[in-house]
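Beneath this line is the structure, given in structure tokens, with notes to follow.
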2 protein chains.
Amino acid sequence: MPMKPNDSSVDAWVCLVRTEQRLLARVEEDMKRAGFPPLEWYDVLVELDREPTGTLPQAVVQSRVLLAQYNLCRLCDRLQREGLVLRQPSPDDGRSNLLVITDNGRKLRREMWPTYAAAIETHLGSHLQPEEASELARLLGKLVGGAG
Amino acid sequence: MPMKPNDSSVDAWVCLVRTEQRLLARVEEDMKRAGFPPLEWYDVLVELDREPTGTLPQAVVQSRVLLAQYNLCRLCDRLQREGLVLRQPSPDDGRSNLLVITDNGRKLRREMWPTYAAAIETHLGSHLQPEEASELARLLGKLVGGAG
DNA sequence: CCGAGATGCATGCAATTGCAAGGATAGGGT
DNA sequence: ACCCTATCCTTGCAATTGCATGCATCTCGG
């Protein structure tokens, strides 16, 4: 039944949302100041760049980057317009697009990483001991299970 | 096997962003399904409702809810249009607005809370022991200090 | 083969957000 | 008083997002 969450749950919730939003804003700001596009672009590019073939169906990327279907579709429009990815019809499934990262796409992802990594270190890493970071990751990992 | 000193930081970063976005989406979905407006509305209303006078300068609310100034401004437009808050010129400072929560605003906030609390419990509280939630809040709290 | 339903993607429209700019007031130094 | 700067709020415009819908294709059962 509608349970009354104990204070520690509500406290953790508030900290989680506030901290993530603050840190994300700071990291995004660092990226923007360095002249890079939003982190979503990185998220898509890195998924493709990780694949040996540089290719994934759009639906697979969508499931990994936590974007609504129509939002990924339009993000891919932008990436394609900038020459960072291509869309190819899938030979296996006539409904599906294959996203293919281009050389420029790989290059941009590679160039973004040092700035991104530095921002993570500045805004997160420098505040926690490695064991604390691991513990944080462990606790967060407990939250994303099944039906939640 | 950490390959770089900051591997645990990157891992924590990814978990932080992914978990927060997933959980926030789930909680927002519960709220929407119950017919309630977005959580931002709650955030503003609760700040005002907490005040004995039901009143705060717009700039103070802004600093608490982590919205860009122009976004809070337009959110207040919507709240005002729905009769949940009023805007009054500040007697102390000619530049400043005082936001005043209305009875309907208080009522909506009160009605939203049980659904919100249940969602927090479902999506966060039920996955953590109270001590784990406290530890999570503590670690997150370490991340929001000064200039970071 | 046919039809019903599911899946993958795209798009029109409305709402929201980001950005840049502007108007009004406040505060401090001279 | 005056200027200079900072703060508080608003707004026009462009970009992005949410939502509902549409279209083509696939899958499954008859």
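The values are calculated or read from the model by the stated rules, or taken from the named source; none is laboratory data. None of the values given here were measured: they were computed from a predicted structure. Neighbour counts run over all protein chains shown; Cβ positions are idealised from the backbone, glycine included.
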Return the residues of the stretch A:54-71 that are assigned to a helix (DSSP H, G or I) and either more than 9 Å from DNA strand D (Cβ to nearest atom) or in contact (Cβ under 8 Å) with a residue 40 or more places away in the chain (or both); say none if nothing qualifies.
A:Gln58, A:Ala59, A:Val60, A:Val61, A:Gln62, A:Ser63, A:Arg64, A:Val65
Lone qualifier among A:Leu99, A:Leu86, A:Leu66, A:Leu128 - being over 16 Å from the mean Cα position of the chain (by Cα), of a type in the set (A, V, I, L, M, F, W, C) and closer than 30 Å to B:Ala133 by Cβ
A:Leu128
Index of the failed condition, A:Val10 passing every other in (1) crowded, with 17+ Cβ neighbours inside 10 Å; (2) away from DNA strand D (no atom under 16 Å from the Cβ); (3) within 11 Å of chain B (Cβ to nearest Cβ); (4) under 18 Å from the mean Cα position of the chain (by Cα):
(4)
Find the residue count for the stretch B:29-51, including only residues that are within 16 Å of DNA strand C (Cβ to nearest atom), surrounded by fewer than 16 Cβ atoms within 10 Å (Cβ to Cβ) and under 20 Å from B:Arg64 (Cβ atoms).
1
Answer with yes or no whether A:Val85 is under 27 Å from A:Lys142 (Cβ atoms) and touching a residue at least 12 places away in the same chain (Cβ under 8 Å).
no
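Table: residues versus (1) within 14 Å of another protein chain (Cβ to nearest Cβ); (2) within 22 Å of A:Val44 (Cβ to Cβ).
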| site | (1), (2) |
| --- | --- |
| A:Val100 | no, yes |
| A:Arg109 | no, yes |
| A:Thr115 | yes, yes |
| A:Thr122 | yes, no |
| A:Ala133 | yes, no |
| A:Leu136 | yes, no |
| A:Leu143 | yes, no |
Note: among B:Ser90, B:Ser96, just one is touching a helix residue (DSSP H, G or I) at 6+ places or on another chain (Cβ under 8 Å), more than 19 Å from A:Gln21 (Cβ to Cβ), away from chain A (no Cβ under 14 Å) and within 10 Å of DNA strand C (Cβ to nearest atom), namely B:Ser96
Single condition B:Val60 does not satisfy, out of (1) within 14 Å of chain A (Cβ to nearest Cβ); (2) surrounded by 14 or more Cβ atoms within 10 Å (Cβ to Cβ); (3) aliphatic (A, V, I, L, M)
(1)
Can you tell me which residue within the stretch B:17-28, out of those that are touching a residue at least 24 places away in the same chain (Cβ under 8 Å) and facing chain A (nearest Cβ under 7 Å), is surrounded by the fewest Cβ atoms within 10 Å (Cβ to Cβ)?
B:Arg26
In the stretch B:65-84, is there at least one residue being among the charged types (D, E, K, R) and either away from DNA strand C (no atom under 11 Å from the Cβ) or at pLDDT below 95 (or both)?
no
Residue count, the stretch A:109-145 (criterion: of a type in the set (S, T, N, Q) and surrounded by 15 or more Cβ atoms within 10 Å (Cβ to Cβ))
3
So which residues in the stretch A:106-148 are charged (D, E, K, R) and in a helix (DSSP H, G or I)?
A:Arg106, A:Lys107, A:Arg109, A:Arg110, A:Glu111, A:Glu121, A:Glu131, A:Glu132, A:Glu135, A:Arg138
